[in-house]
Number of protein chains: 4
Amino acid sequence: MSTEKLQVAVVGLGRMGMRHARHFATLTPRAHLVAVCSPVQAELDAAKNEFGGHLRTYLDYDRMLQHEPTLQAVVVASVASAHAEQAVKAIERGLHVLCEKPLSTSLEEAECVLAAYKKSLLTRPGQKVMCGFSRRFDASYRDAHARVARGDIGVPSVFRSQTCDKLDLSTFTPAYSGIFTESSVHDIDLTLWFLGEDSRVKSVFAAGITAIEPALRERNDRDNGIGIVEFYNGKIAQLLVSRMMAAGQEDTTEIIGTQGKIAVNAAPQLNLVHIHDATGIRREVPADYFGRFREAFITEANEFTASCLNDTPAPIRLDSTVNAMKIACALQESMVTGQKVEFDESGQRVSLAKL
Amino acid sequence: MSTEKLQVAVVGLGRMGMRHARHFATLTPRAHLVAVCSPVQAELDAAKNEFGGHLRTYLDYDRMLQHEPTLQAVVVASVASAHAEQAVKAIERGLHVLCEKPLSTSLEEAECVLAAYKKSLLTRPGQKVMCGFSRRFDASYRDAHARVARGDIGVPSVFRSQTCDKLDLSTFTPAYSGIFTESSVHDIDLTLWFLGEDSRVKSVFAAGITAIEPALRERNDRDNGIGIVEFYNGKIAQLLVSRMMAAGQEDTTEIIGTQGKIAVNAAPQLNLVHIHDATGIRREVPADYFGRFREAFITEANEFTASCLNDTPAPIRLDSTVNAMKIACALQESMVTGQKVEFDESGQRVSLAKL
Amino acid sequence: MSTEKLQVAVVGLGRMGMRHARHFATLTPRAHLVAVCSPVQAELDAAKNEFGGHLRTYLDYDRMLQHEPTLQAVVVASVASAHAEQAVKAIERGLHVLCEKPLSTSLEEAECVLAAYKKSLLTRPGQKVMCGFSRRFDASYRDAHARVARGDIGVPSVFRSQTCDKLDLSTFTPAYSGIFTESSVHDIDLTLWFLGEDSRVKSVFAAGITAIEPALRERNDRDNGIGIVEFYNGKIAQLLVSRMMAAGQEDTTEIIGTQGKIAVNAAPQLNLVHIHDATGIRREVPADYFGRFREAFITEANEFTASCLNDTPAPIRLDSTVNAMKIACALQESMVTGQKVEFDESGQRVSLAKL
Amino acid sequence: MSTEKLQVAVVGLGRMGMRHARHFATLTPRAHLVAVCSPVQAELDAAKNEFGGHLRTYLDYDRMLQHEPTLQAVVVASVASAHAEQAVKAIERGLHVLCEKPLSTSLEEAECVLAAYKKSLLTRPGQKVMCGFSRRFDASYRDAHARVARGDIGVPSVFRSQTCDKLDLSTFTPAYSGIFTESSVHDIDLTLWFLGEDSRVKSVFAAGITAIEPALRERNDRDNGIGIVEFYNGKIAQLLVSRMMAAGQEDTTEIIGTQGKIAVNAAPQLNLVHIHDATGIRREVPADYFGRFREAFITEANEFTASCLNDTPAPIRLDSTVNAMKIACALQESMVTGQKVEFDESGQRVSLAKL
């Protein structure tokens, strides 16, 4: 194995940005964090303090790209609205890109990123661009996927997945794009991974309620949603997404095949402790996605790095991410309109007029 | 407590009929099984052999009703196609009726039974007529319902339930009316019980596939289905029904409230045994609904008996059963047509023309 | 199957006596409860009220035996100190006996009951006398035993079992004979059942503490105990017994074999409900042995009845019960003296002088 | 936080040694692996290949100590028979020491290491010497310990713990010192941690069998053992150790207090996947301790490093380790002799003559 290290910069040093910086700086042996970028000087100072004096810091993203000629990869972890533009700029410079999810705040932008990547690939076939869906790097999901892939459950046919977040009113902000586009999109990404990346969506239908926050309706959102996705290959998916769990984060997935079933996290748990007291026997649950998927993010950093250095396929296909976003947007729309959204076999929306 | 015993007859002595007869004859202290009816002489002989020489047997249902003047209650457990007619005849004679599910093979017939009962009640206010949805008598579902009813989870808002049967091709017969009307109807009954018996359905949508048996399409059925139900009170339900489980019967329900969640049977199990061997740690699962709900059927027999003798409300409202059937039929239709089915606030179907 | 019913009387109508009466009167189709006996008139009245006017009641046990010439079986459920004498009297009259546990309050008395039974068997080979260790009738323990018996785990070699009762200071009375003789004896009975009824004990050692009630030391008891049993066949057992559980009753058993392991009730639960709230995910636990083993007691009544009527072996061997008591007494003694108690291969105590 | 890095060397590059080297080289941000030592040149080459050309390699331990004047800490991960001597040499040079378990192959040697450390501390109060009991760094055990420490279960009184390894005949070698001294010592260390590091042992008793390998008796060992430990503070511990698990490693601990209980790993699992197939619902189990405790070893490396750099107390007291070894040796002896081993309140063995 080469001892060359991937020269990485992180843009965005909020909560997730700092975590990515930490993972690349200290827990990814084959990577070297050389620069970070944030519009907030205090965040830059904190990074320098934690990761050492060698770290170069930038208030401006373009300036970083210009002044780091040896840079090989950028981790985009800024505000969601900047993801697409920053990704495209890095792509055009030939850098590898790991973009924190979401890839963009609109499907159109996402398609632009994909187009930029496809164009860049023509001259730089080894370039890697990937959106970080952390669950794909989780040991349990991977074990499940390996079992499905080798046929242990026959033909995977019905996919059921739920993302249920602990109630946290501080996250009920306009920056949260929508319950399907922001939360359920993880389940949709998994749907494609488990049912086949090339599964073509046929229709979606969704319903939602506002059990906690009626004002969400004003921005076309709900606090609980359920959805159905049909594919042209005769497979179906059932999604549930909730933002009002009391115990913690409960993300569960079931893959039902013709000869068996695999369940992931059917019994959510924080760790291996059970507490026996006058109320019964109890276990705690992770408070949030990072409590559940921290290890997966570290694996993501390491595997992204390895794919760049070894020129092996990136762990997640960018077109699959865009496809997941398309389905998520359609579900969000269906939830609001109450109408089924249909696609033809080429992936184009069937206009309502044609129905 | 009165020592009077309810005089009961069972019509239909197939697998479920014999079980009902057994429960009333030997495990319901306040009931007395006096007669049974079946068109099959061998079944009558078997019953007489098991339950004793005092038992009176009939090949003809009408004849039984005529010749048993002291009869107080009939358990209808014949073929589904006979349920409605036999129930109505018993109702009109003023007998209490426990009708095995389904109440009928069409929604119209079910409404006729309800109408007959309402009419009969005008002159016989103590008469009990109930369709036996066994899960309502299960100790775990009852514990869950009591918790929800006393507000432990705040406002129950999202209901998720699945009926997943072990694959058994011998049950893939035309007598099986449909995956939503025959299997998922249990979950729909629970939906009404948990979200409120008076919840008015607003719309349903469903999708289904034939992963195992494509020929089901010829009779407008599928072997796996997923569905969504919206209610006018701002609550929603998500249903999954599958007939191809490998391990056994896996019926799971989750009730998500604004302040907590209750799950029933999230980890299906046959009993309290875990087997540790070279394949890991394993538990078995009940092979079928009776393996899971045997105790519930016995409780059902005892509580139906008590409601008749004590003149307390029957454990399940007959109008709720008809409502569940209405929703089940709409889901079955939606699965086949791919169209959402809508209802107005009075419960009437909204015609497609109006959409 | 014969429709003859076993004519049964119950002596003792305390909590467990009434339960036995109920099980034989209403949930054991092949039995007929004809008489009950209690020194408390109110208990007799209550029984008559619940089970009907046909029931004959007695304040005196001897009188009942004299005045019930058609009686076939007696269920002894009186105070423990009366068990042995009442059992012997019934044995000598040729009656079948189901004696609630313990068989007696001393090992010597237990041996007298066994001797009386062995003598009676010489002339009445069909007579059944059994001490009711309810766990032997539990569906999970039976499933486990069947797996072990057919070799699923190879040679069962290490047996671990614990009886952990919910803390209930009202049970800390002198009537409770001792933590090993009263509670752990269930695990010892299981030890013999799983490791082989003819396993000969080689030595025992135990230790105990008084975490809750130091005064127990005055009557040679403790509130928590741990013990080791060695057998001459090279198998060992590890026991734990506690009277201070906070959540409820937690009785767990593991049978470790050379090729696998079976666990019974490794995850105690009241039912199939999980409660998700701000404290995590929780299940409740049965409050006491009856909450855990009610079904087993009903099975016990039915199987004892069947063995009497069919003249098949009683479900539990009486000599095995006496053997379990011998081990329990030795453990109780070891816990108090701190000395290992040893037995020779013929089952005789090895005197300390010989050590 | 200082950006100084701890200069670390690892001696011994077998399976565990390489893991320690990897953890310090790549997953401990505050440590810098500067040298490794092994008598096997190929192991040195492999380390250099994996960790980079800067790494200095030594075939001789003394030579390494002499030629690395800036070295601050040594990780001793060589063959067990070399641990004590290598630890003492490092201690005498003033180096911090993390010694892989066991600290030595005899209690006497362990006491020598402790004596050397105590002497060294007189002049170097900041020196850290610790034996690596990995479970102390496991997130679940720590959560459990925190709950016990803050009184959640009242007074911890009964401790039950088991180490059950997957059957692997290749580990049945003379290098394995004994079932209590090598495996159960982990549970004993936990016993002291949970019941109080200053708990003084009063007596131990053990029994064991050879279910798999009778030849173990020749070296005074068994393949399954059970033990009891009594402390002068009125607390007791129950241990089980087995080397013949079929499914994988099953290490379970229960701490029973006067007001509750904490269980760790009562339901062993490899990950969050459940497999539903014709045999039931199944999960896998880690194959060995590293599958269960990998994260704990990484935490251990980081916390040992932090305690050295920050001069905070080492995570595990060395005298507690020696105490655990004393108890383990006594249990091993008791298992072989069948005699209880007693200690007076000062910790001295009570001679058999005095009994």
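The values are calculated or read from the model by the stated rules, or taken from the named source; none is laboratory data. As the structure is a prediction and not an experimental result, all values here were calculated from the model. Please note: Cβ atoms are built from the backbone with ideal geometry, for glycine as well, and neighbour counts cover all protein chains shown.
A:L270 satisfies every condition listed in (1) within 23 Å of the chain's Cα centre (by Cα); (2) facing chain D (nearest Cβ under 8 Å); (3) surrounded by 21 or more Cβ atoms within 10 Å (Cβ to Cβ) except (3). Candidates A:A84, A:A139: the one that is of a type outside the set (D, E), surrounded by 23 or more Cβ atoms within 10 Å (Cβ to Cβ) and modelled with pLDDT of 95 or more is A:A84. Scoring A:S2 on the criteria (1) under 19 Å from D:K5 (Cα atoms); (2) of a type in the set (G, A, S); (3) at pLDDT below 95 leaves a single failure, condition (1). The residues in region A:242-267 that are within 12 Å of chain D (Cβ to nearest Cβ), within 30 Å of A:H23 (Cβ to Cβ) and either assigned to a loop (DSSP other than H, G, I, E, B) or aliphatic (A, V, I, L, M) (or both) can be counted, and the count is 9.
Of all residues in region A:324-340, count the ones that are under 15 Å from the mean Cα position of the chain (by Cα) and not charged (D, E, K, R).
Residues of region A:324-340 under 15 Å from the mean Cα position of the chain (by Cα): A:324-329.
Of the ones still in play, those that are also not charged (D, E, K, R) are A:324-325, A:327-329.
Total meeting the criteria: 5.
Restricting attention to region B:10-28, the residues that are away from chain C (no Cβ under 14 Å), within 18 Å of B:C131 (Cβ to Cβ) and of a type in the set (A, V, I, L, M, F, W, C) add up to 3. Here C:T70 fits the description: touching a residue at least 40 places away in the same chain (Cβ under 8 Å), surrounded by fewer than 24 Cβ atoms within 10 Å (Cβ to Cβ) and in contact with a strand residue (DSSP E or B) (Cβ under 6 Å, 6 or more places away or on another chain). Residues of region A:197-212 that are under 20 Å from A:E250 (Cα atoms), assigned to a loop (DSSP other than H, G, I, E, B) and not hydroxyl-bearing (S, T, Y): A:A211, A:I212.
Suppose the filter is of a type outside the set (G, A, S), more than 14 Å from chain B (Cβ to nearest Cβ), touching a residue at least 12 places away in the same chain (Cβ under 8 Å) and crowded, with 19+ Cβ neighbours inside 10 Å; does C:L318 pass it? Yes. For region A:203-216, filtered to residues that are more than 8 Å from chain B (Cβ to nearest Cβ) and farther than 17 Å from A:V185 by Cα, the residue that is surrounded by the most Cβ atoms within 10 Å (Cβ to Cβ) is A:L216. Among the residues of region D:111-142, those identified as closer than 21 Å to D:G347 by Cβ and more than 13 Å from the chain's Cα centre (by Cα) are D:E111, D:C112, D:V113, D:L114, D:A115, D:A116, D:Y117, D:K118, D:K119, D:L121, D:V129. Could you list, in sequence order, all residues of region A:217-241 that are within 8 Å of chain B (Cβ to nearest Cβ) and outside any strand (DSSP E or B)? Within region A:217-241, A:G234, A:K235 qualify. With respect to (1) within 22 Å of B:N302 (Cα to Cα); (2) assigned to a strand (DSSP E or B), the lone exception for B:Q127 is condition (2). Flag: A:V36 does not match the condition of being within 29 Å of D:N302 (Cβ to Cβ), in contact (Cβ under 8 Å) with a residue 40 or more places away in the chain and outside any loop (DSSP other than H, G, I, E, B). Is there a residue being in a helix (DSSP H, G or I) and touching a Lys or Arg at 6+ places or on another chain (Cβ under 7 Å) anywhere in region B:132-149? Scanning region B:132-149, I find at least one residue that is in a helix (DSSP H, G or I) and touching a Lys or Arg at 6+ places or on another chain (Cβ under 7 Å), so the answer is yes. Would you confirm, using the coordinates I've provided, whether D:G338 is surrounded by fewer than 19 Cβ atoms within 10 Å (Cβ to Cβ) and within 14 Å of chain B (Cβ to nearest Cβ)? So D:G338 does not fit the description; no. B:D223 meets the conditions (1) farther than 19 Å from A:E230 by Cα; (2) free of Cβ contacts under 8 Å to residues at least 60 places away in the same chain; (3) not hydroxyl-bearing (S, T, Y) in every case but one. The failed one is (1).
Residue-by-condition table, conditions (1) at negative phi; (2) among the β-branched types (V, I, T); (3) at pLDDT below 95; (4) not assigned by the TED database to the domain that holds A:N233:
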| residue | (1), (2), (3), (4) |
| --- | --- |
| A:H145 | yes, no, no, no |
| A:I153 | yes, yes, no, no |
| A:P174 | yes, no, yes, no |
| A:V185 | yes, yes, no, no |
| A:I188 | yes, yes, no, no |
| A:L192 | yes, no, no, no |
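For beta carbons closer than 7 Å, sequence separation of 6+ or different chains, a first residue in region B:196-211 that is within 24 Å of A:N233 (Cα to Cα) and without any contact (Cβ under 8 Å) to a residue 24 or more places away in the chain and a second that is among the hydrophobic types (A, V, I, L, M, F, W, C) and buried (at least 22 other Cβ atoms within 10 Å of the Cβ), the qualifying pairs are B:I209/A:I236.
Scanning region B:92-124 for residues that are more than 28 Å from B:E295 (Cα to Cα) and either free of Cβ contacts under 8 Å to residues at least 12 places away in the same chain or assigned to a loop (DSSP other than H, G, I, E, B) (or both) yields B:R93, B:G94, B:S106, B:E108, B:A115, B:K118, B:K119, B:L121, B:L122, B:T123, B:R124.
Using the structure shown, decide if B:S184 is crowded, with 19+ Cβ neighbours inside 10 Å, part of a helix (DSSP H, G or I) and away from chain C (no Cβ under 14 Å). So that I can check it myself, show each step before the final result.
Working: crowded, with 19+ Cβ neighbours inside 10 Å: yes; part of a helix (DSSP H, G or I): yes; away from chain C (no Cβ under 14 Å): yes.
In short, yes.
If the condition is being surrounded by fewer than 18 Cβ atoms within 10 Å (Cβ to Cβ) and assigned to a loop (DSSP other than H, G, I, E, B), then region D:280-314 contributes D:A287, D:D288, D:D311, D:T312, D:P313.
Here is a list: D:A46, D:A31, D:A77. Which entry is away from chain A (no Cβ under 14 Å) and either surrounded by fewer than 24 Cβ atoms within 10 Å (Cβ to Cβ) or within 17 Å of D:K128 (Cβ to Cβ) (or both)?
On the way: D:A46 fails: away from chain A (no Cβ under 14 Å); D:A31 fails: away from chain A (no Cβ under 14 Å).
Every option except D:A77 fails the conditions.
What number of residues within region B:49-73 satisfy the criterion of being more than 27 Å from the chain's Cα centre (by Cα), within 17 Å of B:H32 (Cβ to Cβ) and among the charged types (D, E, K, R)? If you could, list the steps in order and put the result at the bottom.
Step one: of region B:49-73, the residues more than 27 Å from the chain's Cα centre (by Cα) are B:49, B:52-56, B:63, B:66-70.
This time we only want the ones that are within 17 Å of B:H32 (Cβ to Cβ), so: B:52-56, B:67-70.
If we keep only those that are among the charged types (D, E, K, R) as well, we get B:56, B:68.
Within region B:49-73, residues that are more than 27 Å from the chain's Cα centre (by Cα), within 17 Å of B:H32 (Cβ to Cβ) and among the charged types (D, E, K, R) number 2.
Number of residues in region C:171-181 that are more than 14 Å from the chain's Cα centre (by Cα), in a helix (DSSP H, G or I) and more than 18 Å from C:G291 (Cα to Cα): the value is 0. In region D:1-28, of all residues being of a type in the set (A, V, I, L, M) and part of a loop (DSSP other than H, G, I, E, B), the one that is surrounded by the most Cβ atoms within 10 Å (Cβ to Cβ) corresponds to D:L13.
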